[in-house]
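For reference, the structure is listed below as structure tokens.
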């Protein structure tokens, strides 16, 4: 687990053919990204991959070595296409079988005779993993090493994330400040570069063009861990807009 | 470019810090996935990566070797954080400079004196690349090898994709059939496995649980290139549901 002062990073793996085919629109990435950010964990990468064993194994091993935390969604249900748990076990080089703790949870949940063999698949947990509580539909997720394996259904993923949130240790939180105005991106670009360069690597400046009411504009998003530096940079952006004859219509922090 | 009968695959690279921070919700993956599918191109992977040069270079080189087509979105605007074009040039080991064709397009578009140095950055195109027409805001994308580099703004990405669609050669199209009913996933799982196993590798069966009107149910999505096999498999799923006493409320193809 990371030390308090270093930058803490994460990767999200969205597992499932249905997202890549366009049938289902993923809602988990957009939900988890700001949750992590608020905790001082930077989501540096997200991958959408299909339900193919070797792709899951290779992806998990690649990203778990590179990031402090890995979160996966999808593929832990009762059907034949739910292969995530087995793939994760293979990625870690450990065995997998029906876990007595998980089995007990499912036995307590289903009426007698309803715990089918298919449902019992949901109790397959890699050796050495800790269960992640699922207050919505009981079948647990699990954590092994720095990898948190969760369900794809958004309500369940969110509940599982709530169950493990206390285990996550973030680093310095990236604060943000947004300045928006009806200025063309190409006109304010030079000023933005200067504002960023002046602060070395301590400020990140993003620039996002938009159209609102038929008029083009740009949102400038500033990010830094130092709140004083951030506020000063935001004032610089406001001044740069005014120099171009544009009054920002929105200046907000957070 | 792929031969007509082989399976044609693609990867999408969504480039930009704003998506990973949760500030912006990506709309391009959900748009492009069904477009490709309709053309017989299977989106096998999507990666969301930050505006970091070495990450873009490594990701592009990894996925362009693995897939027939790579589509990128984001990072080709006029500001300092728009580094995609330079990163792609580095990935291909070629130079990059202001392209005379791209410059001519921007000169024709902006009023005299408005083509700032920042905007001229949008004319930076890797050597050997072909331009991708941008009917929305003129600044072009480009294609180099099997990599199609497009803007992140959805209206522009969609227009650029329209400009290159005729260049893409798909393989056999994956047809689909969906059967939905108020049956628990864990109850129909065994039948689904048998339905898939019976057809070897020629049928893909996905199973997606849902709640509708407070009642749990499952959508079974069947995919195959053979329409006859697909229709038969759909009949098998309907029969399996009826065996469980459930009448499917939706059976649809496509």
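What follows draws every value from the coordinates through simple rules; no lab data is involved. Values in this document were obtained by computation on a predicted structure and should not be read as measured data. All Cβ positions, even for glycine, are placed from backbone atoms using ideal geometry, and neighbour counts span all protein chains on display.
A compact table of results
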| item | result |
| --- | --- |
| Residue A:231/residue B:98 FRET efficiency (R0 25 Å; Cβ-Cβ; nearest 0.05) | 0.10 |
| Selected from A:83, A:52, A:188 as most flexible by GNM, with chain A as the system and alpha-carbon contacts under 10 Å | A:188 |
| Mean-position separation - Cα centroids, the stretch A:21-62 and the stretch A:132-164, in angstrom | 14 Å |
| Mean separation of Cα contacts under 8 Å (6+ apart) over length of the stretch A:166-254, as relative contact order % | 44 percent |
| Computed over chain A, Kirkwood Rh from alpha-carbon pairs, angstrom | 20.5 Å |
| Pairwise label distance in nanometres, residue A:194 with residue A:39, each label 7 Å out on the Cα-Cβ vector | 4.2 nm |
| Calculated FRET value between residue A:173 and residue B:210, using beta carbons and R₀ = 30 Å, to 0.05 | 0.25 |
| Residue and distance (whole Å) for the chain A Cβ nearest the axis that superposes A on B | A:47, 3 |
| The stretch B:1-157, relative contact order [Cα under 8 Å, separation at least 6], % | 24 percent |
| Spin-label pair residue B:108/residue B:202, simplified geometry with 7 Å Cα→Cβ offset, distance in nm | 5.2 nm |
| Calculated [θ] (222 nm, deg cm²/dmol) that DSSP helices of n ≥ 4 give over the protein assembly as shown, each run adding -39,500 (n - 2.57) | -11000 deg cm²/dmol |
| With Cα atoms, 0 to 90° folded angle of helix B:53-66 axis to chain B main axis | 50 degrees |
| Dimensionless Rg/Rh of the protein assembly as shown - Kirkwood Rh, Rg from C-alpha atoms | 1.00 |
| Bins of 5 Å from zero: percent of alpha-carbon pairs in the stretch B:68-175 | 2, 12, 24, 25, 19, 10, 4, 2, 1, 0, 0 |
| Neighbour-count order for B:39, A:160, fewest beta carbons within 10 angstrom listed first | B:39, A:160 |
| Chain B - share of DSSP beta bridges that are antiparallel (%, nearest 5) | 65 percent |
| Shortest-first nm distances, residue B:98 label point to equivalent points in other copies (7 Å, Cα→Cβ) | 7.1 |
| Cβ-vector label at 7 Å, residue A:252, separations to other copies in nm | 3.5 |
| On Cα atoms only, tilt of A:227-243 relative to the major axis of chain A in degrees | 50 degrees |
| Estimated distance in nm for a label pair at residue B:7 and residue A:54, the labels positioned 7 Å out from Cα along Cα-to-Cβ | 1.1 nm |
| Between 0 and 90°, nearest 10: helix B:28-38 axis offset from chain B longest Cα axis | 60 degrees |
| Per-copy distances of the residue A:215 label point, shortest first, in nm (7 angstrom along Cα→Cβ) | 5.2 |
| Kirkwood Rh (inverse of mean 1/r, distinct Cα pairs), the stretch A:160-244, angstrom | 14.2 Å |
| Solvent-free Debye scattering, log10 I(q)/I(0), computed from the Cα coordinates of the stretch A:183-227 at q = 0.19, 0.27, 0.30 Å⁻¹ | -0.60, -0.94, -1.06 |
